[in-house]
Amino acid sequence: MIPHDDALAILKQQIGNDDIVIAVYGTAVDWHALRPHPLNYFCVGAMGLTAAHGLGLALGCPGRRVIVIDGDGSLAMSLGSLVTVAGAAPKNFVHILWENGVYQANGGHPLPGRGKVDFAALALAAGYRAAHRFDDAAIFAQQIGSVLQEEGPVFAGVKIKANAFQKQDFAPLRAQALRDAFKAALGTSKAS
């Protein structure tokens, strides 16, 4: 299993300046602190809809790579999104799933079926073009760059260590300035 912060730091090294990155709840807070960027999109207040938001952005911005950093608790609430994403088949869609086995944003409660669900297999069965699994930081660092370059929709399940639960303030991620910056950044030449 990969420490959460290490996994984010590894991923950060592979993100391009024109990529849209969508992150959910606690990971959104951590991602914003690690890589503040106008093309960050934070999915807070919408647990279970991260992939759906990413799909809309991937279809609306086909010239940009869209990277969804989802949580296993979030995805478990909306497994049908895998079928919807696969059906639309956006080539610019990368779905990264942080698998920590808990509903991290809601108190760290255990996920039903923790340790038994194979999300990568579910993504493949739903129709994703490729699915990968990572549980080692060195291998993740070595391979995630090429995974991000694959034609989508592509899925990567990343086994991470659950951080200790701590109450987080998501209000700063809802700031009007962040929304305005995101809208402005979408208006640049790569948006379509």
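Suppose we filter 149, 176, 168 for residues that are at pLDDT 95 or above and surrounded by fewer than 18 Cβ atoms within 10 Å (Cβ to Cβ); which single one remains? The conditions single out 149.
Taking the criterion of being surrounded by fewer than 22 Cβ atoms within 10 Å (Cβ to Cβ), among the hydrophobic types (A, V, I, L, M, F, W, C) and not in a loop (DSSP other than H, G, I, E, B), the residues of segment 15-47 that qualify are 29, 33, 34.
Here's the yes/no breakdown for (1) surrounded by fewer than 24 Cβ atoms within 10 Å (Cβ to Cβ); (2) polar (S, T, N, Q); (3) at pLDDT 95 or above:
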{"position": "85", "(1), (2), (3)": "no, no, yes"}
{"position": "89", "(1), (2), (3)": "yes, no, yes"}
{"position": "96", "(1), (2), (3)": "no, no, yes"}
{"position": "105", "(1), (2), (3)": "yes, no, no"}
{"position": "110", "(1), (2), (3)": "yes, no, no"}
{"position": "115", "(1), (2), (3)": "yes, no, no"}
{"position": "118", "(1), (2), (3)": "yes, no, yes"}
{"position": "131", "(1), (2), (3)": "yes, no, yes"}
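Restricting segment 48-83 to residues that are within 26 Å of residue 160 (Cα to Cα) and among the charged types (D, E, K, R), which is surrounded by the fewest Cβ atoms within 10 Å (Cβ to Cβ)? Here the residue is 65.
The values are calculated or read from the model by the stated rules, or taken from the named source; none is laboratory data. Keep in mind that what you see is a predicted model, and the values were worked out from it rather than measured. Neighbour counts run over all protein chains shown; Cβ positions are idealised from the backbone, glycine included.
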